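Right, one structure below, let's go through it.
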Amino acid sequence: MGTDEGAAGRREWARHWQYAELPGLDLLRAHYVRHTFPRHAHDGYVIAAVTGGIEEIGLPGHVVRAGPGSVVLINPEVPHTARAGVPEGWAYATLYPSSELIAEVADEIGTLRGTPGFTADMVIDPRGAEAITEVHRAAEAGNALAADTLLRSVVARMLTRHAGPLPARTVPGAGGADAAAARAVLQERMADPPSLEQLAAQLGTSPFALLRSFRERYGMPPHTWLTDARVRRARRLLDAGTAPAEAALAVGFTDQPHLNRHFTRIVGVPPGAYRRERAGRAPGPGVQERTRPGRSGLRSFGAWENIEQ
C-alpha cells in the first residue's frame with residue numbers, strides 16, 4: 001500500500017443526520033480509526049451494517065467483533081461501547097429507528113406480541129447489510145420512495161428473523177426501586193446533581209448499595225449514566241434549534257468545550273456538525289472531513305424489493 005492510500009485508510013469521517021422523508025430515523029455513516037465510544041445507551045434501536053474493518057462492541061457480559069457482511073442489533077437502553085478492532089478502524093452504515101417506527105413495522109408484520117426486541121446482538125447477513133447501506137444511498141440521493149421502501153423492508157427482515165418480546169431489565173427487591181428513584185433524581189437535577197453520598201442518604205441507603213443496584217439496573221455507574229443522559233438531552237435541544245453553548249449550560253456541562261468533548265465521544269460527531277445537519281445547512285469553511293463524508297451515488301434497488309423474505 002502506498003503512502004497516500006495508507007493515509008486515506010486512516011482518515012476519519014462521519015455524517016450523522018436525518019432525512020425528512022424518513023421520520024423517526026437517524027442515520028450515521030462513518031469511518032472511525034482512533035475514535036472510541038464510551039459506555040452509553042440509546043432511546044431507540046440500533047441496526048448497523050459494518051462495511052469495512054472490524055468494529056468491537058462491548059455489551060453487558062461480552063464483546064462482539066463485527067466485520068463486513070455483519071449486522072449489529074442493539075435494543076433501547078442497552079449500555080454498550082464501540083471501538084476499532086483492527087488498526088485500520090471500521091466503517092459502517094447505521095440506522096437508529098425510534099421505538100415508534102419499530103412498533104409500527106412490527107404491527108404491520110403481525111407476528112410479534114408486545115414490545116419487540118432483538119434476540120441477537122450480531123448476525124452474519126451480507127444481504128441485509130447491503131440493504132442497510134442502500135437505505136443510506138437512497139436517502140442521500142433524495143429518493144424518498146426507495147428509501148422508505150428499503151427501510152421498512154430491512155426492519156421487517158431483522159424483526160422477522162431476529163426478534164421476540166423485548167426483555168425487561170430489572171433488579172429485584174429494594175435495590176431496583178432505589179436505582180429507579182436515583183435515576184429520577186438525576187434526571188430532575190441534571191444541571192446540579194447531588195454526590196453519590198448525598199443521593200444515597202436521600203434514598204435511605206448506602207453509597208455502595210446504591211452504586212451496585214444502579215449498575216445492575218442500568219449497566220453503568222450513576223456518573224456515567226448522567227453524562228450519557230446530558231448528551232441525550234443536549235441532542236433534543238439541538239434538534240429544537242438551541243445553540244450548542246446554551247445547550248451545554250442547560251444540561252449541566254460547564255461550557256461548550258465540555259459539551260463538545262462528551263457529545264463527540266458519544267454521538268460520533270461534534271455538536272456543531274450535528275446541528276448543521278438538523279438545520280439542513282452545508283458545513284462552513286474549514287469543516288473537516290470527519291464531520292461530513294462525500295455522498296455516494298444511488299445504485300439499483302431491484303435486488304432488494306423482497307429483502308424481508
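The values are calculated or read from the model by the stated rules, or taken from the named source; none is laboratory data. Nothing here was measured: the structure is a model prediction, and the numbers come from that model. Note: ideal-geometry Cβ built from the backbone for every residue, glycine included; neighbour counts use all protein chains shown. Areas reflect the complete protein model, heavy atoms only, side chains present, ligands, DNA and RNA absent. Shrake-Rupley method; radii C 1.70, N 1.55, O 1.52, S 1.80 Å.
Things to note:
- Check on ILE124, of a type in the set (Val, Ile, Thr), modelled with pLDDT of 95 or more and surrounded by fewer than 21 Cβ atoms within 10 Å (Cβ to Cβ): yes
- Residue within region 216-232 that is at pLDDT below 95, open to solvent by 60 Å² or more (accessible area, probe 1.4 Å) and either closer than 30 Å to ALA156 by Cβ or not in a loop (DSSP other than H, G, I, E, B) (or both) present: yes
- Subset tally (residues that are open to solvent by less than 60 Å² (accessible area, probe 1.4 Å) and of a type in the set (S, T, N, Q)) for region 233-265: 3
- The listed residues are LEU73, LEU95, LEU25, LEU59, and the only one of them that is under 20 Å from ILE266 (Cα atoms), open to solvent by 10 Å² or more (accessible area, probe 1.4 Å) and modelled with pLDDT of 95 or more turns out to be LEU59.
- Residues of region 222-281 that are of a type in the set (Phe, Trp, Tyr) and under 17 Å from the mean Cα position of the chain (by Cα): TRP225, PHE263, TYR274.
- Test for ARG39: is it touching a helix residue (DSSP H, G or I) at 6+ places or on another chain (Cβ under 6 Å) and under 21 Å from GLU140 (Cα atoms): no
- Selection status of ALA201, open to solvent by 50 Å² or more (accessible area, probe 1.4 Å) and at pLDDT 95 or above: yes
- Matching option when the condition is without any contact (Cβ under 8 Å) to a residue 24 or more places away in the chain and not hydrophobic (A, V, I, L, M, F, W, C), among ARG65, ARG34: ARG65
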